[in-house]
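Any read-out appearing in this document is the output of simple, stated calculations on the displayed coordinates, not a laboratory observation. A quick note: this is a predicted structure, and the numbers were derived from the prediction, not measured. Ideal geometry is used to build each Cβ from the backbone, glycine not excepted, and the neighbour counts take in all protein chains shown.
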Amino acid sequence: MKPYIQPFERELALRELAKFAGASPETVTRTGNDYYEVTCSVHESVLVDRLAYWEIVQGTAAMWTIQVRREATASVVRNGIRPADLLRVLPFRGESIPVPSRRSLRYGPHDIHDYRGKFFPQLVRALLNLSDLESEGTVLDPMCGSGTTLVEANLSGYAAIGVDLNPLSVVISRTKCALLRANPEGLVRQYEALRDALMDRPVLRIPLACSWLEKLTQQDQYYLARWFAPNILLELDRIATLIDQMEASPARDLCWVCLSDILRTVSWQETDDLRIRRKDMLETGTDVVATFLKQLGNSVRHVVAFLLEEGGVRAPRFKVIGGDAASVLDDAKVLFKRVDAVITSPPYATALPYIDTDRLSLSFLNLLPRNLHRKLEAGMIGNREVTRRQRDALWEEYLRSKSLLPPETVALIDRVAEAYGGNDAGFRRRNLPALLAKYFLDMRVILLKLSHVTRSEGHVFLVVGNNHTVAQGTRIEIGTATHLASIGEAMGLRLVELIPMDMLTPRDIFKRNAVRSESVVHFQARS
């Protein structure tokens, strides 16, 4: 077993091993490491291929697990090795593997693009292992975010379907899945061609027109001009124009995603602030091309190393759909068939301003016109940005629909409303009761849809964050997991268990806004 994993993960490790082996593992005492012994009903190669939280399987010979080998590819690229040189050193041969000594989350496609609230890939893999999936199974993530579930489902041999309302999430998820099918040599060639084109330019040459920016709406052009220095925008335009001229391929998609990933860094946006806030010092001297090529080179190295170690991924099909999950799941044509498992991490109630965080990418990449940002944000589950009129409308809807929610959820919302009903509460606190009501009513619809599209006895896993608020000196717990468990049962799902994840480090890159704890809510569809 990996020596650095948390108690929660150790429990999942034992469960996944018992699931495949068909028997409970027993501890074997060896100083300094965690060894377990099990009488196995499957070939040892199955354990090597599938286990998420184990390093070595000792059968007729000691073998590193595929998961460890995948994570080790990130160690190879940390010293800045040229992408072309990776073709010589991978796949790993013999026992010379740089085994990670700590948690590794950014390897292969999982390294691409910072994304708040990213899943742990190993957690998804372990939940897949516990899902009783057949070889032709289909996995759904109705709020797929950056695509971690979809990538892990494909790597485990399952078809994957993802849905997300955020256009940037759709692009990132599609790119990650498409890269599993990319040719590593071709990826290196296209990267080097773009790099050479960007570097082959006299220092003093200034472009006379912005070819890419001219494709955007006037409102988007004006908006971007408020957030980037003129010389920075010119360089970004040059990069975007060259990417746009590339042939359609996973390599081009990766270039777009990497360009998106640097936009906050080279803009006047305060990098670590969730709110729309300018930096105190407005920089103009950033080397945009160097910043982009560093980001792209790093991502190319991670992906190429991963693909070379895999030796060619024969991934099943995938589909990533942009739109509201509740509406999309009403359309039977979007599903390959009834899904066999659902693994998702829905947005947390009022936790993050998702669209505001991505607004520069949405505008610059021409994914969503600026005048539609607010409308899209308002439709997102977990949205925290509302006007007073919207808040009042949401509260009226709650009063009409509160009978649809479990009594304990109604009691929570009403208690928060009573605590924050006075004029002395700030606007975010006055908004909280209506936003909580919207969140739980929205999630009720999602859970109802999942109960319809999941096959009989299929597993549904939700990774959700719990939170709290303090009103008049009194702490009010917002136990999202327990409320969703009750709502899911009312929608026809059978609650299997709640698995607390309190010991895990928050997954959010914005630490100040990280939720206090997380849980896995485990359902099964009824037969």
Seminar exercise, completed: Rounded to whole angstrom, the alpha-carbon centroid of the range 14-59 lies from that of the range 209-238 at a distance of 55
Exercise. For the chain, what relative contact order do you get, as a whole percent, if you take Cα pairs closer than 8 Å and at least 6 residues apart?
Worked result: 16
Exercise. If the cut-off is 24 Å between C-alpha atoms, which lysines fall inside it for Lys2, apart from same-chain ones fewer than 8 positions away?
Worked result: Lys19, Lys118
Problem set entry | Net charge of neighbours whose Cβ lies under 11 Å from the Cβ of Thr344, counting Lys and Arg as +1 and Asp and Glu as -1 | -2
Exercise. Roughly speaking, what is the centre-to-centre gap between the range 285-314 and the range 334-406 when only Cα atoms are used, to the nearest Å?
Worked result: 32
For this session: Report, in whole Å, the centroid distance computed from the Cα atoms of the range 130-199 and the range 455-493.
Result: 29
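Note down the net charge around Ser456, summing +1 for each Lys or Arg and -1 for each Asp or Glu among other residues with Cβ under 12 Å from its Cβ. Before the final figure, lay out each step's value.
Values: positive: Arg338, Arg455, Arg494, Arg526; negative: Asp132, Asp340, Glu457.
Around Ser456, the charge tally is +1.
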For this session: Pop out the ³J(HN,Hα) list for the range 470-481 in order, Karplus 6.51 cos²θ - 1.76 cosθ + 1.60 with θ = phi - 60°, rounded to Hz; leave Gly and Pro as x.
Result: 10, 10, 6, x, 9, 7, 10, 6, 10, x, 3, 4
Problem set entry | Ranking of Val76, Val410 by count of other Cβ atoms within 10 Å, fewest first | Val410, Val76
Seminar exercise, completed: Expected unfolding gain across Arg93-Asp272 under the 0.36 nm per residue rule, minus the alpha-carbon gap, is 60.3 nm
For this session: Return the FRET efficiency for the residue pair Thr217, Arg429: r is the Cβ-Cβ distance, R0 is 41 Å, and the value is rounded to the nearest 0.05.
Result: 0.70
Exercise. Which value in deg cm²/dmol, rounded to the nearest 500, describes the helix-derived mean residue ellipticity at 222 nm for the chain, given -39,500 (n - 2.57) per DSSP H run of n ≥ 4 and division by the residue count?
Worked result: -14000 deg cm²/dmol
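Which of rounded, prolate, oblate describes the range 3-72, given a ≥ b ≥ c as roots of the alpha-carbon gyration tensor eigenvalues and a/c under 1.5 marking rounded, otherwise prolate only if a/b is larger than b/c?
rounded
Using a Förster distance of 30 Å, how high is the FRET efficiency between Leu105 and Glu192, based on the Cβ-Cβ distance and rounded to 0.05? Intermediate results must be reported in sequence, preceding the final value.
On the way: r = 28 Å, r/R0 = 0.92.
The computed FRET efficiency comes out at 0.60.
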Seminar exercise, completed: With a ≥ b ≥ c from the Cα gyration tensor eigenvalues, square-rooted, and the rule rounded for a/c under 1.5, otherwise prolate when a/b > b/c and oblate otherwise, the chain is oblate
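What does the charge add up to near Ala240, with Lys and Arg as +1, Asp and Glu as -1, over the other residues with Cβ less than 14 Å from its Cβ? Don't jump to the answer; show the numbers that get you there.
Details: positive: Lys215, Arg238, Arg252; negative: Glu214, Asp220, Glu235, Asp237, Asp244, Asp253, Asp261.
Cβ neighbours under 14 Å give a net charge of -4.
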Seminar exercise, completed: Neighbour-count ranking for Arg238, Arg278 (other C-beta within 10 angstrom, fewest to most) reads Arg278, Arg238
